[in-house]
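Trainee: Take this structure first; my questions come after.
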Amino acid sequence: MDHLWCEGVLALSPNLPHLEGVNILGYYERPGRFPPFWCWRRIDILLSRRDVFPRLERVDICVSVGSRRLEDVEHRCILEYLPKLYSDGGVYFWGEKGGLPSGL
């Protein structure tokens with residue numbers, strides 16, 4: 001996902017005032033296919049825009065690699081690239097908020 005992806009998403013609908021939650025689903029067959037973490041930075045920039053998503057309160061990330069879910073260290077890596085969304089308190093993994101790594 002590069003800048004063209006983000007621009008394309010915004011071009012679909014310039015204002016989504018009623019959107020309250022987003023589910024990000026991902027499945028990768030092999031660990032080497034796991035997305036580079038910079039793509040999460042773009043998601044943070046896009047979804048944290050209050051002029052586009054004024055009511056967004058929850059982003060639920062459900063990503064698995066092969067037959068396993070992401071581990072805590074992988075969650076931590078993603079959260080480091082989601083500073084705006086994470087600071088708003090709306091980031092969940094598999095519907096769970098209490099399982100987020102501490103120290104961020």
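Trainee: Each label point is 7 Å from the Cα along the Cα-to-Cβ direction; what then is the distance between the points at Lys84 and Glu96, in nm?
Mentor: Result: 2.9 nm between the two label points.
Trainee: Quick one: which residues, 5+ away or cross-chain, put their amide H under 5 Å from the amide H of Phe93? H built at 1.01 Å from N.
Mentor: Here Ile61 satisfy the definition.
Trainee: Counting only Cα atoms, I'd like the Rg/Rh figure for the stretch 38-100, Kirkwood definition for Rh.
Mentor: 0.97
Trainee: Something else now. So how much slack lies between Ser64 and Arg41, counting 0.36 nm per residue of separation and subtracting their Cα-Cα distance, in nm?
Mentor: Working: separation 23, 0.36 × 23 = 8.28 nm, distance 1.89 nm.
Roughly 6.4 nm would be gained on extension.
Trainee: Please list, in order along the stretch 50-65, the HN-Hα scalar couplings obtained from phi with the Karplus expression 6.51 cos²θ - 1.76 cosθ + 1.60 (θ = phi - 60°), rounded to whole Hz, x for Gly and Pro.
Mentor: Working through the residues one at a time gives 6, 6, 9, 10, x, 10, 5, 10, 9, 10, 9, 9, 10, 10, 10, 10 Hz.
Trainee: Which FRET efficiency value, to the nearest 0.05, do you get for Asp51 and Tyr27 by plugging their Cβ-Cβ distance into 1/(1 + (r/R0)^6) with R0 = 25 Å?
Mentor: 0.20
Throughout, read-outs are computed from the coordinates displayed, never taken from laboratory work. Since we're looking at a predicted model, the values are computed, not measured. Because the Cβ atoms are built from the backbone with ideal geometry, glycine has one as well, and the counts that use them run over all protein chains shown.
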